[in-house]
Amino acid sequence: MSLFNDSDFVSSADMLSLDPEITVVSRAEGIPIDANGIAAQACGETADKIMNDTQAFTGFMPPFALPYNQTAAVLNLVGPSVNRSRLSMTQVVVSNANPSETSIAKASPLKRYTVYRALELFFRAAYNRKLTDRYEKKMTYYSEEIRKKYWPRFYNLGAPIVFRPLVCPGALHEWNAGVWDATRVSGVTGTNANVDTDYHVAITWVDNTKYVSPTLKGNAESAPSARQDIRILQNNVLAIDITPLNAPDGTNPLNVALGQGLITPGKASGWNVYVGPQGGTLYLQNATPIAIATKTYTLTGAPVLSGYQADTGQFPDANLTLQHTVMRG
């Protein structure tokens, strides 16, 4: 996963890797973590904090590239000032664009901060239920770790952003991204000499104006979609249908306005298919991106389990400075 809006990027497994009590306390106190639980809440609160620290208190015209005197003149003429974010969460990169990022020890500063935020929220919920000193101490510990270490690390580096973001197919927090689920993959009659085999399937969006090849992607391929499980029977082949998905078309969603950031969304002109053994590496199945108007794709035989591997998607084009702005009367 690469972009903030692709999915909830913190899980109970991430939290458990830092605190072995998570599973026991979650069961004992009835505190949900995954599936719209504490993990999702932590992601949402991280988004709120980033948006809060990227507000630009300005006039209607964005002054970022203008000299100070010219900026002041423009703002004085325009009239009322407005609060406008300098980014959209769709642009924010969560991962390090490194397929080996499988543990908190290798996670980006943003993900590490959010995992610690989830732990703080978790023990706050536990403390409020039982009011025990043990839960309070853990809540305080994680709160202090966030304040002293993990937020400053992210804050000082700045928010990693993509100039033309492509959210993954079926992105969880992107408006009108469409549906990508297990019903989108199936087995159909075809030549496949393999015995019955279980696979994982994912797809990506591609902008062919920048994407040249699997080795020259031009930062123009999205992160893979959620993996879907499928068993391909002997003498069947894999078929994929993306009809319910809505590819990024280069325009802002209807529910996004200037107050939520100045952004140029990416435009998908093709899509790639990746298949691998369940729980294993995903490999590219098509030689060139499939045209965006083509809604179905069927493999000609057994999936190829070698060659170009799926990565984590787009990497940051820049790091946007975060700042606290205090207005003086």
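Coordinate-derived values only; no laboratory data. The structure displayed is predicted, hence computed values, not measured ones.
Estimated at 0.36 nm per residue, the fully extended path between THR251 and THR264 surpasses their Cα-Cα distance by 4.0 nm. Cross-link partners of LYS130 among lysines, defined as those whose alpha carbon lies under 21 angstrom from its own and excluding same-chain residues fewer than eight positions apart: LYS138. Quick one: check the C-alpha center-to-center distance for region 2-28 versus region 170-221, whole angstrom. Cα centroid to Cα centroid, the span is 26 Å.
Counted residue by residue at 0.36 nm each, then reduced by the alpha carbon distance between them, the extension gain from LEU216 to GLN323 reaches 35.0 nm. The length gained by stretching the chain between GLN278 and LEU172 to full extension, at 0.36 nm per residue less their Cα-Cα distance, is 36.0 nm. Here the Karplus relation 6.51 cos²θ - 1.76 cosθ + 1.60, evaluated at θ = phi - 60°, turns the backbone of region 133-142 into coupling constants of 4, 5, 5, 5, 4, 5, 4, 5, 4, 5 Hz, with x for every Gly and Pro. In the structure shown, the pairs LYS106/LYS148; LYS111/LYS267; LYS49/LYS148; LYS106/LYS149 are assessed against 25 Å; a Cα-Cα span above that value is assigned to LYS111/LYS267. Excluding same-chain neighbours fewer than eight residues apart, the aspartates and glutamates reachable from LYS217 by a Cα-Cα span under 12 Å are ASP207, ASP311.
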